[in-house]
1. Give me the percent relative contact order of segment 415-494, please, defined on Cα pairs under 8 angstrom at least 6 residues apart.
2. When the expected Rg is taken as 2.2 N^0.38 Å, what fraction or multiple of it is the alpha-carbon Rg of segment 534-617?
3. What's the center-to-center distance, using Cα atoms, between segment 547-610 and segment 124-181 in Å?
4. May I ask for the distance between the Cα centers of segment 57-98 and segment 226-266, given as a whole number of Å?
5. In whole Å, largest first, what are the principal axis extents of the Cα atoms in segment 474-519?
6. Sequence gap at least 6, Cα distance under 8 Å: using those rules, report the relative contact order of the chain to the nearest whole percent.
7. Label residue 355 and residue 454 with points 7 Å out from Cα along Cα→Cβ: what is the distance between them in nm?
8. Taking the alpha-carbon centroid of each part, what is the distance from segment 682-699 to segment 485-527 in angstrom?
């Protein structure tokens, strides 16, 4: 009651002094404004006033301090944040810019990857992990692959000749769908899902679905989904910049601008360079990788009904690495994506119309020296995809229903590697999902019926249940059918490697991969500061496609072709803990994985059985933050071909135990200086395909340069 009285009196009495600049309440981790925060002024002991005054920050996190506020103290509070007390003198010294530390457990996570609409995580049955701004900063990773590789149950692996992919619970590669703001990342059609090229510049969070989501996305989501989500445009005018340098020639620069009124915009440009190539272990100076990236968005709100959005993303990448004989290999990759979207209230629900087009070009060349030579023999590979989606979301009683139809056209050109110079397909899909509230439980059911001009039709259903036992304990269970269609490469590739002595031929007789997945677990939150999650999972993949030796050509070259050769099972358990107090945040996680072939009983290649992570964050004061992380990846078998041509264990990828440290200083309201080290004690286990070594970095970030609201 007293807080309500203060707010009412504050609105009437707390008039700003003439010329007083507005104050700002913002998120200490992301720098984003906090709207609706209560700023309460309490008079000093020497002042004979019956009560203070209070204000609520506006939609941009702004408030106007009154003339006398410097003499007292302030208490600032907001839902999902730790309450902060500060003297008026301290607040004035900060320019009335007051940061609040998030209460991670109290905030209800909203996820967008698991459905056609945003949903509260507490209502989602499938296992979802969200990495927010604070955790991304603590990792100090240059790209998405290195961010995810330190999580329990996930492994980074090489995708030859260069690049890295990610495995989720033992399933990865082309079986994990990679999205940027809900749209496919470039390079997927020729299976260049290189997560090492995806920058974290301007990223608000990364959502990770640990299990098949083919009922929504269709093919390629058999093993899970990674969705990289950018920050939304802000009002007014803001410019931010970040620069970082580190060992292994790591150099990064980023500029962000956003603003506007009725039409809002955001543009994020970044450049990243390293003296190494993702997925390769090279000696110093043997290679390099450069990535240029631009992401932009426009948003227009037309009245109270329609919201229009459009965006353009550009990517440019170059890599160089030694290929033998004094020659270097060069990859030149270029990608572009454009999209438009309209959302509006129609009837009792919301209609969404979306169109997306994407192009990607990959060119490989070899030469002596630092630059590739122009050659008519070097033919680029090009992919194109156009997609249109219409969906409708509506709440009908206890049901939240999403329905939609999607059509797409895909083509790929590769004159020197395809049986035909150009191949393509058309796809049409119908999808539907229902979240049904039954008492305090939520039952979700969904299905996607797809038809493809090359491989036919497929139905992917899913079913989930969220059952709260009480206010602190809830149970989850999900069952889903996963699906992956044969890729263009597996169906139509024709590639000859004379130096390697082999031919790789596609096969038109391949069957789609299909899986059954079940997961079940519990979430217990005994108090506002602790959350414990546990889960069991089981996944069976049938008709797994692998390259296999099928015979010899007339020339004597070995012929390899993709074949539906094996069935695999992955199963295991995960336990995660999140706890916080006034001085910091603590996370712990452990994952157990048993991944093996059902036919031979052998474990799968480079899948560790045990992985764990401990992370602590300590806020010494608002200007000093320390993040410390320890992560363990257990040893794993390395498989190869025996003299009889069968798969067997030939080596061991040794256990890795590493510790990372990051210290950030905030000398001013708009500046952050950070120092970091990965693998502090320089652990170097044997058998790893990616470089494992100690790395240092230092960075400087400036927020809200030339800010105007």
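1. Relative contact order of segment 415-494: 27 percent.
2. It is 1.73.
3. Result: 14 Å between the Cα centres.
4. Going from one Cα centre to the other spans 27 Å.
5. 58, 22, 11
6. RCO, the chain: 9 percent.
7. 2.5
8. Taking the Cα centre of each part, segment 682-699 and segment 485-527 sit 29 Å apart.
Values quoted throughout were computed directly from the atomic coordinates according to the rules given, and no laboratory measurement underlies them. Because the structure is a prediction, the values reported are computed rather than measured. When we count neighbours, we look across all protein chains shown, and the Cβ atoms used for this are built from the backbone with ideal geometry, even at glycine.
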